[in-house]
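Visitor: Just dropping this structure here.
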Amino acid sequence: MKKFLDEDFLLKTDTAKQLYHEYAAPMPIIDYHNHLPPVQIANDIKFDNITQVWLYGDHYKWRAMRTNGIAERYCTGDASDFEKFEQWAATVPYTLRNPLYHWTHLELQRYFGVNELLDSSSARAIYDHCNDLLQKPEYSVRGLLGKMNVKVLCTTDDPIDNLAFHQQIAGDGFGTKVFPAFRPDKAMAIDDVVSFNAYLGKLEALANTSISDFNDYLMALKSRHEFFASMGCSVSDHGLEEIYAEDYTAQEIRNIFGKARNGGELTNTEVLKFKSAMLVVFAEWDHEKGWVQQYHLGALRNNNERMLRQLGADTGWDSIGDFSQAKALSRFLSRLDNDDKLAKTILYNLNPADNELMATMIGNFNDGSSEGKVQWGSGWWFLDQKDGMTKQINALSNMGLLSRFVGMLTDSRSFLSFPRHEYFRRILCDLFGSEIESGELPNDIAWTGKIVQDICYNNAHKYFGWNK
Ligand SMILES: [Zn+2]
């Protein structure tokens, strides 16, 4: 029997082991989409204890704890940090076969050298051990990123963020490049007219301008897009249920904006037209600047009204939606392509039923102008696990070119989640290794190793323009 989580974890063949240890493992990490708080990197904070870095804000763990019958006060409530850790530790043995079981032990091993299993009986000793280490200078957030060999990371930022923390990070010689990413979800959320106007008020203050018509709005937003570019940003991101690709005229959009600016309620059609227009505006700016645009599609958020009232958004009440993606996505991308304004694009689906749809959609717009111009992103959120990653890799292999894939990203809020890159790399090497050993692929380790290194690092490095 193999040992749990040893150095050959997930690597079933000798060829897989060779590919992973010799080719994949040494490659640095590019984490081109995550939700790390720039303020914590700027101030290079240290955490008082492992609960703060591991359980605060981690709705994956909260969902598992709630499912395991743990009361809310131990997830998001007023229990002490140790009590919260203790309840998580008690839950871990019940997460067998959930990816949390692997993430948890991989993170304990990689960051803290803990090889024991976490459960109720080991909780106190592991808590104290990790907390001691977290006081050391090398366990500051920059130390943690350095430990994982992270070369570049992109956070996720609203256009009205002043990027002061990014400025601070860029100015003080930190070895990991930390870039902002432009995420204008609120700038197109006209369905809630009150919040939209409040947002515009903040934008007016920041851009030092007044916004009375749609043209003013575009000018103010564009100045933010340009400011982001001046701060090294070359990536945008959108979190949407689905792509909007309605027909509209410029006059219609001006009227819809005017109506909302005066506090008028919009019809559903008006909302959809406005969102469709804004997606095109942002995409054209991204193309103009040579940015990469990303679309995260398909989450059905805030399903539990009672818990939304109690805890707010992003606290673990979201799931996979069944939005119809293909037609609007095709229309949207074709509209841009027609005008020669299609930027490099990465599409992410949350519904696994859309896997083959995405794998084939990207091929419609890969026109030979660059390698893998339109990408299908790695398994995300509920699909960010062994089965989900394997299915994404297999569908992409079958219907596209796996060799041109820009690979893994954490999409995480936690500084401890970078072993997910390792997890992905092991799965990738295992797939290649077993097919070499079964004779389905040639026994060319040097070439396969090169492809592995491309997917782990080189493709992203080139794709995002960070090789310049
Ligand atoms: Zn994200």
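Visitor: Just the residues that are under 23 Å from Asp128 (Cβ atoms) and aromatic (Phe, Trp, Tyr), please, taken from the stretch 49-93.
Guide: Within the stretch 49-93, Trp54, Tyr56, Tyr74, Phe82, Phe85, Trp88 qualify.
Visitor: For residues that are touching a residue at least 40 places away in the same chain (Cβ under 8 Å) and surrounded by fewer than 21 Cβ atoms within 10 Å (Cβ to Cβ), scanning just the stretch 149-161, find the one that is nearest to the chain's Cα centre (by Cα).
Guide: This residue is Val152.
Visitor: Here's a follow-up. Taking the stretch 410-468 only, how many residues are hydroxyl-bearing (Ser, Thr, Tyr) and open to solvent by less than 20 Å² (accessible area, probe 1.4 Å)?
Guide: Counting residues in the stretch 410-468 that are hydroxyl-bearing (Ser, Thr, Tyr) and open to solvent by less than 20 Å² (accessible area, probe 1.4 Å) gives 6.
Visitor: Then there is this: Report the residue count in the stretch 169-187 for those that are crowded, with 16+ Cβ neighbours inside 10 Å and not basic (Lys, Arg).
Guide: Residues flagged as crowded, with 16+ Cβ neighbours inside 10 Å and not basic (Lys, Arg) within the stretch 169-187 amount to 11.
Visitor: Hey, can you tell me all the residues within the stretch 388-406 that are away from the ligand (no atom under 16 Å from the Cβ), open to solvent by less than 10 Å² (accessible area, probe 1.4 Å) and assigned to a loop (DSSP other than H, G, I, E, B)?
Guide: Correct list: Phe405 only.
Visitor: Follow-up. If only one of Phe282, Phe274 is within 22 Å of the chain's Cα centre (by Cα), part of a helix (DSSP H, G or I), more than 16 Å from the ligand (Cβ to nearest atom) and aromatic (Phe, Trp, Tyr), which one is it?
Guide: Phe282
Visitor: Would you call Ala353 under 30 Å from Phe214 (Cα atoms) and surrounded by fewer than 19 Cβ atoms within 10 Å (Cβ to Cβ)?
Guide: No.
Visitor: Counting residues that are within 29 Å of Gly175 (Cα to Cα) and open to solvent by less than 20 Å² (accessible area, probe 1.4 Å), which helices (runs of 4 or more DSSP H) fully inside the stretch 1-98 reach at least 1?
Guide: 38-42, 50-54
Visitor: Output the qualifying pairs, or none if there are none: Cβ atoms under 6 angstrom, residues six or more apart or on different chains, first residue in the stretch 293-305 and under 24 Å from Leu329 (Cβ atoms), second residue of a type in the set (A, V, I, L, M) and within 12 Å of the ligand (Cβ to nearest atom).
Guide: Gln294/Ile346; Leu297/Leu240; Gly298/Leu350; Ala299/Leu350
Visitor: Let me ask something else. For Gly232, all conditions in the list (1) within 16 Å of the ligand (Cβ to nearest atom); (2) open to solvent by 20 Å² or more (accessible area, probe 1.4 Å); (3) in contact with a strand residue (DSSP E or B) (Cβ under 6 Å, 6 or more places away or on another chain) hold save one; what is the number of the exception?
Guide: Checking Gly232 against (1) within 16 Å of the ligand (Cβ to nearest atom); (2) open to solvent by 20 Å² or more (accessible area, probe 1.4 Å); (3) in contact with a strand residue (DSSP E or B) (Cβ under 6 Å, 6 or more places away or on another chain), the one that fails is (1).
Visitor: Please give the number of the condition Thr209 fails out of (1) β-branched (Val, Ile, Thr); (2) open to solvent by less than 40 Å² (accessible area, probe 1.4 Å); (3) modelled with pLDDT under 95.
Guide: For Thr209, the exception is condition (2).
The values are calculated or read from the model by the stated rules, or taken from the named source; none is laboratory data. Since this is a predicted model, take the numbers as computed values, not measurements. Cβ atoms come from the backbone with ideal geometry, glycine included; neighbour counts cover every protein chain shown. Please note that ligands, DNA and RNA were not included when accessible areas were found on the heavy atoms of the full protein model with its side chains. Shrake-Rupley method; radii C 1.70, N 1.55, O 1.52, S 1.80 Å.
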